[in-house]
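A.B. asks: So that we are looking at the same thing, I have put the structure below in structure tokens.
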Amino acid sequence: MAASRKTRGRTDSGPKPGPVSGPNPAPVEESPEESPREETAVESRPHTEGKRAKVPPARRRKQHGTAYRWIVAYLPIMAGMFVLLGAIWIYTYVNPAPPTPVQEWTKIENQWSPPREKARAAIAADTLDFAKLQADYKDFYTQTKGWVDAVTAVSSSNWGVAADDVSTFLSDDQQYLPVLQQVETAKTAYDVAALADTLTQGDTQFTTDVDTIRADFDLPATSPAPSPPAVPSVNPTPTPTPGPSGSPAPSGSASATGAPSASPAPTGLPAVSGSEAPSASSVATPTSSPS
């Protein structure tokens, strides 16, 4: 059994017969076990070399040409879109959309309300100085009129739901502004104090109209409510001071009316009024005694 294994091993491992030389050499038959291995190796070589091979220049030029055609075809369209967007942006910047009624009112109020309240505080601080008080009232009038003029400049059709209340606001202020002008032209503090009720009524109505418009726009009311503008701390009806003619006359001197006073009667005699004269029968005539 061992001999057969050795023999088989020598037979299999012996040299393979080479090709027969001659004019017509017979083809050498390959064993079926070895032929697939060679075919596989032969077929795998071109596949491996194809992966490692670089893109040929002609194909590279073709790819570059395709990208160039795409850029050339779509570049004008992209440039046109950028130009259109730029034109729209410039138009909206130069001609912005009109503000809404809420934005319009908020803008006007934020511009004129703070300086108006500042002038109101200055009026309250200068009630004892008439010159400063008039200057503060002039500033208060300027801020109030600026607010009214700004609202008037907006078309009534742009106020939306608050159009009617804005019209009432303007109508009331046409009566309030002349009262403020009277303070500017007043000669004395008494003239300003005489306008206290009218000033309070006009300013209260102004605040009420503002809060009504704010309610139309769903904005909170003014808080806290401003106090009416102050007036000079004087009596509206001045009391005249007494002159020299009103001083009491001294005792024993003539009265202020110039009527003479009765002189005192002599001692031992009855007092006689100045308007009566003694009659002749009332005076005793002395008689002589007989010698």
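A.B. asks: Can you work out the Karplus-derived ³J(HN,Hα) for every residue in segment 214-224? Use 6.51 cos²θ - 1.76 cosθ + 1.60 with θ = phi - 60°, whole Hz, and x for glycine or proline.
C.D. replies: Result, rounded to whole Hz: 4, 5, 4, 9, 6, 9, x, 6, 5, 9, x.
A.B. asks: Okay, next question. Tell me the net charge near Q103. Cut-off is 15 Å between Cβ atoms, Q103 excluded, with +1 for each Lys or Arg and -1 for each Asp or Glu.
C.D. replies: Once all neighbours under 15 Å are counted, the net charge is -2.
A.B. asks: Work out from phi, with θ = phi - 60° and the Karplus expression 6.51 cos²θ - 1.76 cosθ + 1.60, the ³J(HN,Hα) of each residue of segment 177-190, listed in order in whole Hz, and give x for Gly and Pro.
C.D. replies: Going residue by residue, I get 5, x, 5, 5, 5, 5, 5, 5, 9, 5, 8, 9, 5, 5 Hz, with x marking Gly and Pro.
A.B. asks: Taking neighbour Cβ counts within 10 Å as the exposure measure, how do S156, S171 sort from fewest upward?
C.D. replies: S171, S156
A.B. asks: Would you grab the residues whose amide H sits under 5 Å from the one on A230? Only those 5+ places off in sequence or on another chain, please, with H modelled 1.01 Å from N.
C.D. replies: A124
A.B. asks: In what order do T127, T92, T142 fall by count of nearby beta-carbon atoms within 10 Å, going from fewest to most?
C.D. replies: Going from sparsest to densest Cβ surroundings: T92, T142, T127.
A.B. asks: Go ahead and run the numbers for FRET between Q182 and N158, Cβ-Cβ distance against an R0 of 35 Å, rounding to 0.05.
C.D. replies: Between Q182 and N158 the formula returns 0.60.
A.B. asks: Note down the net charge around A196, summing +1 for each Lys or Arg and -1 for each Asp or Glu among other residues with Cβ under 15 Å from its Cβ.
C.D. replies: -2
A.B. asks: Whole-Hz Karplus ³J(HN,Hα) for segment 83-93, in order, using 6.51 cos²θ - 1.76 cosθ + 1.60 and θ = phi - 60°, x for Gly and Pro?
C.D. replies: Those phi angles translate into 5, 5, 5, x, 5, 5, 5, 5, 5, 5, 6 Hz.
Read-outs throughout are calculated quantities, based only on the coordinates presented, and are distinct from any laboratory measurement. All values reported here derive from a predicted model rather than from experimental measurement. Cβ coordinates were reconstructed from backbone atoms using ideal geometry, including for glycine residues, and neighbour counts include every protein chain displayed.
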